[in-house]
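Here the structure comes first, spelled out in structure tokens, and everything after it is commentary.
The values are calculated or read from the model by the stated rules, or taken from the named source; none is laboratory data. The structure displayed is predicted, hence computed values, not measured ones. Every residue, glycine as well, gets a Cβ built from its backbone with ideal geometry; the counts of neighbours run over all protein chains shown.
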Amino acid sequence: MPDEAQRARRALTVSNRIASKLRGLSDTAIAWIFIGPTILLLLAINIFPLLWTIYLSFTNYRANQPGRPVRWIGTRNYERLLGSEDIWGYLQATAHFVIWTMIFQIVIGFGLALLINRNFRGASFWTTIILIPMMLSPAVVGTFWTYIYQPQTGIFSYIVDFFAGTGALDMIGSVALAPWSIIIVDTWMWTPYIMLLCLAGLRSIPDYLYEAAEIDRANALQRFWYITLPRVLPFLMLAVLFRGIENFKMFDLVVELTSGGPGSTTELASINLKREAFEKWRTGYSSAFAIILFVTIFGLGNIYVKVLNKVKS
Amino acid sequence: MAGAVLENVFKTFGETVAVENLSLSVDHGEFLVLLGPTGAGKTTTLRLLAGLELPDSGKVLVADADVTALPPAARDVAFVFQQYSLYPHYTVFENLAFPLRAPGRRLDAESIRKRVGEIAEMLRIGHKLNDKVTQLSGGEMQRVSIGRALVRKPNLFLMDEPLSSLDAKLREDLRVELKRIQRDLDATIVYVTHDQLEAMTLADRIGILQEGRLVQIDTPRVAYERPATVYAAQRLGSPQINIVDTGKLGLEDGPPNAATTGIRPEDITVDADQGEEAEIVAVEHRGDETIALIEVDGIRLHALLDAGISMEAGQRTRIAIRSEYAIWFDSQSRLIGSGATG
């Protein structure tokens, strides 16, 4: 027993010693101790690679030839990139993908949110069911949609043919349909996300606003236009910001589904980037492309956030 | 002509009885205040009149028409909510004009501008018409809410604690304005509050609610001087009326079946030349008036001190009770007599 008491006392003096040492520190010093590790981590995995990529984008460095002297070539990578017609093709394909996925997902997601928000029996059950695609791995989703899209045995082609009489549809293999194949899968997978955020917005609208409108004899359209839409818009725009940035960088689903094909019809910017960097090993050139993409997303994102803040206030 | 009538209305929410066999009638041009604590059924009564709730049984009439089964839009009533129920992202003008643009009531642009202008001037927000409502202060937002009710001259105005979210100064200002506007427009208003001061100052008649039942409906003066029950007596007056067992403190000259006696704090004289021995327990100085908590024979009483008397806690004194103003209740807490009216 005395042994234990002694140990306890010793533990107390140790913690007292630490405490007194800490007590000597200023608030600023303690603040630095707390945020220091995070800042170091951020520097190591975010800031340094970014700066290093900027440096590499001005060189002819190739990662697969480590012995080769690295030469500073100024803005030549950028000139070649901006002068290349292929690059504009990839950017166009990316824009096409981002814009259409966002349009479909906003319309369907908002619609679903309005339906779920009616709180019918089993609403929470259906919410869970609707959320499932979002929780799956993109690799899994991409793989099983290749089966669904299979022209002879896939269910997609069968259903479309059954209702529209189109015959067998080669969604992935046809130049006209391949871009839509990835848009459909992304919409299937990520519409729940938009729905969830819209639902959060809808749930935040107090009933008395609708009651006041009812007394004012507002019709359904006015109620939507004057109350629902302004209240949900900040949430919706936030969802679009997150999904828009993600889709600008879309990679995994496309790799599983079309791998950029047929030809380069679905070769989105990040698919092309990966090819240039890790198949052709043009590290300097692809660094420059990465920087261009980064600046584009960053710029668009900033403009968007400004608009979002205006909508919020 | 009756402004609005409730006839034997019942309303339950699951197990809870919100309104029980309630009947009341509001005259045209009358300002009726429903007073009661949280859960007394005030808001439910208002929502029943508005049509936001439908009664389980009973009848609702607005402007002599039976509207029991009609939706809010068909009743031509206006409702001011406790929270500012404004359309965000729109200007004050747009918000005020909204009810005038609703289907079935649509006015031309010129009349809308004129009407909105009048109301905005009346509520002293005329200079804010082009501001977004989100840029307004709380008081201004609530004035816009009230304005939205006023623009369209409805049969009946329903107000659910419209001033409770405002600070004391603004509340006082708007209270005075509201009464003035009601007189100017000859409006019929049913107004819900738990603030007895609002009830006393605004009402033509006060309806006191207790657990879904109407205890008393009378002019403020009658409700104050001849409360129907102990509960009603306790709703009006600050500090609350003192309730003492009859027979104590020399309160013996009441009706024979009196069980308890109510004495308003202003009817107790502290520092009297003769009377009961008392001890001052606490003193609350409120600026314009001073309230003392005193103890006599183990009974604690609130008393309003006369101007010029200064007392301190712990001091001993004598008190005199003006028993001619006492209010007498029987053993069921019902009024059986009061000094004010004999």
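Residues in the stretch B:50-71 that are of a type in the set (A, V, I, L, M) and facing chain A (nearest Cβ under 8 Å): B:50, B:52. Considering only residues in the stretch B:72-87 that are facing chain A (nearest Cβ under 8 Å) and assigned to a helix (DSSP H, G or I), the one that is modelled with the highest pLDDT turns out to be B:72. For the stretch A:142-179, the candidate set comprises residues that are touching a residue at least 40 places away in the same chain (Cβ under 8 Å) and part of a helix (DSSP H, G or I); within that set, the residue that is surrounded by the fewest Cβ atoms within 10 Å (Cβ to Cβ) is A:143.
Scanning the stretch B:191-212 for residues that are of a type outside the set (Asp, Glu), surrounded by fewer than 18 Cβ atoms within 10 Å (Cβ to Cβ) and closer than 22 Å to residue B:156 by Cα yields B:194, B:201. For residue B:122, the conditions (1) within 14 Å of chain A (Cβ to nearest Cβ); (2) touching a residue at least 24 places away in the same chain (Cβ under 8 Å); (3) within 30 Å of the chain's Cα centre (by Cα) are fulfilled apart from (1).
The numbered conditions (1) more than 30 Å from residue A:228 (Cα to Cα); (2) surrounded by 15 or more Cβ atoms within 10 Å (Cβ to Cβ); (3) not basic (Lys, Arg) are all true for residue A:294 except (2). For the stretch B:141-151, does any single residue satisfy the condition of being part of a loop (DSSP other than H, G, I, E, B) and within 13 Å of chain A (Cβ to nearest Cβ)? Yes: one or more hits.
Tallying residues that are modelled with pLDDT under 85 and small (Gly, Ala, Ser) within the stretch B:261-303 yields 4. Please determine whether any residue of the stretch B:25-40 is touching a residue at least 12 places away in the same chain (Cβ under 8 Å) and of a type in the set (Ser, Thr, Tyr). So far as the stretch B:25-40 goes, yes, one or more of its residues are touching a residue at least 12 places away in the same chain (Cβ under 8 Å) and of a type in the set (Ser, Thr, Tyr).
Check every one of the helices (runs of 4 or more DSSP H) wholly within the stretch A:32-123 and list those with 1 or more residues that are touching a Lys or Arg at 6+ places or on another chain (Cβ under 8 Å) and buried (at least 16 other Cβ atoms within 10 Å of the Cβ).
Helices (runs of 4 or more DSSP H) meeting the threshold: A:85-116.
Filtering A:280, A:310 for residues that are exposed (fewer than 15 other Cβ atoms within 10 Å of the Cβ) and within 14 Å of chain B (Cβ to nearest Cβ) leaves a single hit, A:310. Scanning the stretch A:260-276 for residues that are surrounded by fewer than 18 Cβ atoms within 10 Å (Cβ to Cβ), within 20 Å of residue A:296 (Cβ to Cβ) and of a type in the set (Gly, Ala, Ser) yields one hit, A:264. Among residues of the stretch B:97-114 being among the hydrophobic types (A, V, I, L, M, F, W, C) and within 11 Å of another protein chain (Cβ to nearest Cβ), the one that is farthest from residue B:9 (Cα to Cα) is B:97.
Assessment of the stretch A:20-30 against the conditions (outside any helix (DSSP H, G or I) and touching a strand residue (DSSP E or B) at 6+ places or on another chain (Cβ under 8 Å)) yields no matching residue.
Yes/no per residue for (1) within 14 Å of chain A (Cβ to nearest Cβ); (2) closer than 27 Å to residue B:204 by Cβ:
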| position | (1), (2) |
| --- | --- |
| B:132 | yes, no |
| B:137 | no, no |
| B:153 | yes, yes |
| B:157 | yes, yes |
| B:174 | no, yes |
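Give the residues of the stretch B:316-342 that are without any contact (Cβ under 8 Å) to a residue 40 or more places away in the chain and crowded, with 16+ Cβ neighbours inside 10 Å, sorted by residue number. Within the stretch B:316-342, B:339 is the sole residue that qualifies. Of the residues making up the stretch B:179-213, those that are touching a Gly at 6+ places or on another chain (Cβ under 6 Å) and closer than 24 Å to residue B:75 by Cα number 3.
Of the helices (runs of 4 or more DSSP H) contained entirely in the stretch A:190-271, those carrying at least 1 residues that are within 14 Å of another protein chain (Cβ to nearest Cβ) and in contact (Cβ under 8 Å) with a residue 60 or more places away in the chain fall at A:229-248. Within the stretch B:192-204, is even one residue without any contact (Cβ under 8 Å) to a residue 24 or more places away in the chain and over 22 Å from residue B:139 (Cα atoms)? Checked the stretch B:192-204: no residue is without any contact (Cβ under 8 Å) to a residue 24 or more places away in the chain and over 22 Å from residue B:139 (Cα atoms).
Mind listing whichever residues of the stretch A:211-254 are in contact with a helix residue (DSSP H, G or I) (Cβ under 7 Å, 6 or more places away or on another chain), within 30 Å of residue A:145 (Cβ to Cβ) and charged (D, E, K, R)? A:243, A:249, A:252, listed by residue number.
Pick out, from the stretch B:1-43, the strands (runs of 3 or more DSSP E) lying fully within it that include 2 or more residues that are surrounded by fewer than 22 Cβ atoms within 10 Å (Cβ to Cβ) and either modelled with pLDDT of 90 or more or in contact with a His (Cβ under 7 Å, 6 or more places away or on another chain) (or both).
Numbers: elements: B:2-13, B:16-27, B:31-35.
Passing ranges, in order: B:2-13, B:16-27.
Among residues of the stretch A:63-86 that are charged (D, E, K, R), those with a Cβ under 8 angstrom from a residue that is surrounded by 15 or more Cβ atoms within 10 Å (Cβ to Cβ) and part of a helix (DSSP H, G or I), sequence gap 6+ or separate chain, pair up as A:80/A:285; A:86/A:272. Checked against the criterion of being out of contact with any His (no Cβ under 6 Å at 6 or more places or on another chain) and more than 30 Å from residue B:26 (Cα to Cα), the stretch B:113-123 contains one or more residues that satisfy it. The residues on offer are B:279, B:284, B:295, B:266, and the sole one that is more than 30 Å from the chain's Cα centre (by Cα), within 30 Å of residue B:37 (Cβ to Cβ) and without any contact (Cβ under 8 Å) to a residue 40 or more places away in the chain is B:295.
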